[in-house]
1. Can you list the trypsin sites (Lys or Arg not before Pro) in the range A:207-301 that are in a DSSP coil and have 12 or fewer other beta carbons within 10 angstrom?
2. May I ask you to list the aspartates and glutamates whose Cα is less than 13 Å away from that of A:Lys122, ignoring any residue fewer than eight positions away on the same chain?
3. Which one, A:Ser220, A:Ser116, A:Pro93, is farthest towards the positive end of the dipole of chain A when Lys and Arg carry +1 and Asp and Glu -1 on their Cβ?
4. Let me know the charge dipole size of chain B about its Cα centre in debye, to the nearest 20, where only the beta-carbon of Lys, Arg (+1) and Asp, Glu (-1) is charged.
5. Hey, got a sec? Which GluC sites (Glu not before Pro) in the range B:289-354 land in a DSSP loop and have at most 15 other Cβ atoms within 10 Å?
6. Over the protein assembly as shown, average the accessible area per residue using a 1.4 Å probe and give it in Å², no decimals.
7. Cut-off under 24 Å on the C-alpha distance; same-chain residues fewer than 8 positions from A:Lys274 excluded. Which lysines are left, in chain and number order?
8. So what's the net charge close to A:Tyr245: Lys and Arg +1, Asp and Glu -1, counting the other residues with Cβ under 15 Å from its Cβ?
Number of protein chains: 2
Amino acid sequence: MRSEDLAKILGLSRSTISRVINNYPDIPQVTRDKVWKAIEEYNYAPNASARKLAGVKNKMIAIILLDIKDNEDLHHIKTTDHTLIHENPFFSPIVTAVIDQANKMDYYALVSIVYSKNDLKKVRNIFHQKLIDGAVFVGTQEAENDLIFDLIAQKHLVAMIDTSEVNNANHNAIYINADNYEGSVKAVSYLLELGHTSVGIITGNLNKLSAIERLVGFKSTLKKQGIDVTEHMIYEGDFTEASGYEGAKHFLTASNPPTAIFVSNDTMVVGAYKAISELGLRVPQDISIIGFDNSFFSPYLNPPLTTIDISFSGIAKRATTLLIESIEQEQQRGIVEKANATLVERESCQRLKK
Amino acid sequence: MRSEDLAKILGLSRSTISRVINNYPDIPQVTRDKVWKAIEEYNYAPNASARKLAGVKNKMIAIILLDIKDNEDLHHIKTTDHTLIHENPFFSPIVTAVIDQANKMDYYALVSIVYSKNDLKKVRNIFHQKLIDGAVFVGTQEAENDLIFDLIAQKHLVAMIDTSEVNNANHNAIYINADNYEGSVKAVSYLLELGHTSVGIITGNLNKLSAIERLVGFKSTLKKQGIDVTEHMIYEGDFTEASGYEGAKHFLTASNPPTAIFVSNDTMVVGAYKAISELGLRVPQDISIIGFDNSFFSPYLNPPLTTIDISFSGIAKRATTLLIESIEQEQQRGIVEKANATLVERESCQRLKK
DNA sequence: CTGAAAGCGCTTACAG
DNA sequence: CTGAAAGCGCTTACAG
């Protein structure tokens, strides 16, 4: 069914059909009603391509998931968010949130997963083909910087979620990042409130920005409290379960073990729990543990893990909203925002008796 | 950049550019090379809408996630699949697998989440607008049957993953389902192999097909082994954690408790573990537990849960492949397939000493 | 081997 | 208020 067909049936011209659909003024209500009724009856919908070609925005964004080999920086995206409407972990909150927000703002969402540098050409094409009005990038690493900068230079609209790019403020793009520093401050402050003064940290890969920021938050919070941060309070891990195991062993077999450990991500906690259990110790009675990321599995750990949630769904929603806004205004925007981190209190930390 | 522009630069006509791009024969290699080189150089890509409008397939499918209110039938989609290329649970294996497979077959994937009956109109529109060539539906319930049957009648191409629709063989659509029966047989056979002869089952909602199939597999496997299935071996749950808790209490406080329990989904196991722990019993020393679904959290339970994996990513991949094949052949196909279920052996079942 | 032209199904100034 | 016509950027018979 084409608009021509519908026009004939109604004894009108295509122009009028089009005007009704596009909500032009100066059309009598009778005509309007007649047209809409026929549209419903015949299940007419304007051909998307023709519409687009004639100059109407198609309202489509892409979500580009970058998972290029040797890319290990996505560790802190493992999370879940219980504020989502559906509780089943259908798929990650980031993708859900972007799609949801796009749909809410009446946009379609195309999802594309990129596994290799080679696939980046396809991403470029999606833009050049005018298939989309803009895109949200997730998991960006250095590999795709050139592409993204190119696209920005060509006036394409892009948003990046939790990019590891540091000096991004100067680009005409939207950057929404997790606030690792704030999250870390919250974690350590919580331990201090519970009365812990002897605290260790198992860090992530210290060549990763997120790991560094978490460590810096740890140090500065303790210092502010007048606690000297010495070498033996820091164990350098790498965000893997194995390093969490080693880190916990390291601290708990020391001559003067801490009463609490800040583990820089929840994955490492899995290893840490294992080590603790092997040493015959219990969480939180013998050692308090706080994690970071609020990974999907954290509530199922034994005991359920107190950790830091950085609401990726909130970040995703924000990025999507800003992207679509800039699409509607047909204007690039340079925005850098940090998202809140919140403490999720569960059962892995104990208040210290005085 | 339009094909016209490129043509001018090269001193050719749009026709020739188009022929090179669409791989027409009878074009001298020199021309071909010249054109491709320019395409690369100027980052030219044919406008997707114009192309589509001119009759070229756009190669786009949709994934429609149905999550309409009062819809509780998605319980058994909670799962994860470790065969996926990236280990991080970015989002569910179903969506990843569909997108991946689509991308591999050179198709774009549009994802749409439907929360209300009202949104179904939008789904209808996606088809009528000719935005897509076909769609994979996930989580279908009765609510959207009318829509789907309509679309099928209109010769649209659709595939359904794990639909609860029973009499689907007569429709010209692709149905790929989990084999609940086979999975259940595998679970119970495993318990029998370990020497368990006194086995209980906590069922799911018995008004759901999946729950019924799992129960039937349980009964038939025991019968085949010459074990009488009596009422007291069956506890009717409803796939929720709470009912798992009650079910476990029920069995373990009975006068003659079983040595193993087949719990019809992993979510109920969470409750069952809680009950067992409260009763001062241990898994698997005092009671063996086997689950169903291989939910994402199952390896993190304590002890890690032995369960049945129904590889939703495999189902998704298969559905996508068949859908795209039928798109390429421009022909509806009526296909009903069941996917394999496999046992995932972890630490929640014990071999019984003779 | 390649160009000129029709056509895909819309939207939107331009007339009236 | 509404129709006829141009134009969006391609592809593809049709000629040559």
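The values are calculated or read from the model by the stated rules, or taken from the named source; none is laboratory data. All of these numbers come straight from a predicted model, not from anything done at the bench. When we count neighbours, we look across all protein chains shown, and the Cβ atoms used for this are built from the backbone with ideal geometry, even at glycine. We work out accessible area using only protein heavy atoms, side chains counted, and drop any ligands, DNA or RNA first. Shrake-Rupley method; radii C 1.70, N 1.55, O 1.52, S 1.80 Å.
1. Numbers: sites: A:Lys208, A:Arg214, A:Lys219, A:Lys223, A:Lys224, A:Lys249, A:Lys274, A:Arg282; in loops: A:Lys208, A:Arg282.
Passing sites in the range A:207-301 are A:Arg282.
2. Candidates past the 8-residue exclusion: A:Glu144, B:Glu40, B:Asp106.
3. Highest projection toward the positive end goes to A:Pro93.
4. Charge dipole of chain B: 960 debye, to the nearest 20.
5. Qualifying residues, ordered by number: B:Glu330, B:Glu345, B:Glu347.
6. 44 Å²
7. Within the straight-line limit of under 24 Å, A:Lys274 reaches these lysines: A:Lys78, A:Lys249, B:Lys274.
8. That works out to -4.
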